[in-house]
1. What is the calculated FRET efficiency for residue 63 to residue 116, with r their C-beta to C-beta distance and R₀ = 30 Å, to the nearest 0.05?
2. Ranked highest first by the average count of other Cβ atoms within 10 Å around their residues, in what order do 47-54, 91-98 fall?
3. Can you compute the FRET efficiency between residue 24 and residue 70 using 1/(1 + (r/R0)^6), with r the Cβ-Cβ distance and R0 = 30 Å? Round to the nearest 0.05.
4. Using per-residue counts of other Cβ atoms within 10 Å, averaged over each peptide, order 55-63, 29-37, 113-121 from highest down.
5. Expressed as a rounded percentage, what relative contact order does the range 3-132 have, with Cα pairs under 8 Å and six or more residues apart?
6. Can you tell me the relative contact order of the range 1-68? Whole percent, Cα pairs under 8 Å, sequence separation 6 or more.
7. Using label points projected 7 Å from each Cα along Cα→Cβ, tell me how many nm separate residue 128 and residue 34, to one decimal.
8. May I ask for the angle, rounded to the nearest 10°, between helix 3-27 and the longest principal axis of the chain, with both axes built from Cα atoms and the value confined to 0 to 90°?
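Read-outs throughout are calculated quantities, based only on the coordinates presented, and are distinct from any laboratory measurement. The structure displayed is predicted, hence computed values, not measured ones. Every residue, glycine as well, gets a Cβ built from its backbone with ideal geometry; the counts of neighbours run over all protein chains shown.
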């Protein structure tokens, strides 16, 4: 195994841990308090970060160079690693805004976006990359 192959596999291990915590919060969504829903936003943020970095490392292991998140998402869509490019671009744009959920309505909106849209997109990548390990 070459070093680029090793790198993406190691990154996937971290993505796997983050995804499992994110998934757990989504599965228990109806039981979450407001404080725990704020934590769900944070879990989304670091899971998304590890997801695009894992995609980047996987692409590099396939000799595809993409350095920045937008490039990684476009290349991943081009090569069929992600199915919903629009949602991934939306996640990229909104990830920093989601951290600033200071009022209840913004929090509710952010949590619903994560639960109803972003979770499925990240799950698709998680499963597809997991199958490539």
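1. Values: r = 36 Å, r/R0 = 1.20.
Efficiency, from the Cβ-Cβ distance: 0.25.
2. Values: 47-54: 22.8, 91-98: 15.6.
Peptide ranking by packing, descending: 47-54, 91-98.
3. On the way: r = 29 Å, r/R0 = 0.98.
Calculated transfer efficiency: 0.55.
4. Working: 55-63: 19.6, 29-37: 11.2, 113-121: 18.0.
In descending order of packing, they fall as 55-63, 113-121, 29-37.
5. Working: 108 pairs, mean separation 38.5, N = 130.
Here the relative contact order equals 30 percent.
6. Working: 42 pairs, mean separation 32.3, N = 68.
Relative CO of the range 1-68 lands at 48 percent.
7. 3.8
8. For helix 3-27, the angle is close to 20 degrees.
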